[in-house]
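Enquirer: Mind looking over this structure? Questions follow.
Nothing in this text is a laboratory measurement; each read-out follows from the coordinates by a stated rule. Just so it is clear, the structure is predicted and the values come from calculations on it, not from any experiment. Using ideal geometry, Cβ is built from the backbone for each residue, glycine included, and neighbour counts are taken over all protein chains shown.
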Amino acid sequence: VQPWCQTPSHPHFLAGPQIVLSVYGPDFFGHDVVRGYGAVHVPFVPGRHKRTIAMFVPESTSKLQQLTSWFTGRRPEFTDPKVVAQGEGREVTRVRSQGFVTVSFNVM
């Protein structure tokens, strides 16, 4: 069994606790907007573990929506963190890669 496997279709998938990140920051106009979402499973094995989380942000589906959201400061964001944790239904959501966050775990 490979505890690092995080794909539900994989036969050795291990469900367990996750850390869901929602990173916010100011935009050009000073509005607090989402900078990225990401999730990672917490390791079960004792010791120090380092995980790199790929971050992503939802995108507007049209150029008009993108322009409107830029002017109003209301960018697309998820209202439920379960969308990030489960990934179910996310295949129909347009997202853009937005960097990485590195997290260190000390498991006892």
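Enquirer: How would you rank 55-66, 94-105, highest first, on the average number of other Cβ atoms within 10 Å across their residues?
Expert: On the way: 55-66: 13.8, 94-105: 12.1.
So the order, starting with the most tightly packed, is 55-66, 94-105.
Enquirer: Tally Lys/Arg at +1 and Asp/Glu at -1 over every other residue whose Cβ is under 14 Å from the Cβ of ASN106; what's the total? Let's see the in-between values first.
Expert: Working: positive: ARG48, LYS50, ARG51; negative: none.
With Lys, Arg at +1 and Asp, Glu at -1, the net is +3.
Enquirer: Within a Cβ distance under 10 Å of PRO76, other residues only, what is the Lys/Arg minus Asp/Glu net charge? Display every interim value, and only then the final one.
Expert: On the way: positive: ARG74, ARG75, ARG94; negative: GLU59, GLU77.
Combined, the nearby Lys, Arg, Asp and Glu give +1.
Enquirer: What's the local net charge at GLN18, with K and R +1, D and E -1, over the other residues with C-beta under 12 Å away? Spell out each step's value before the answer.
Expert: Details: positive: ARG51, LYS82; negative: none.
Neighbour charge sum, excluding GLN18 itself: +2.
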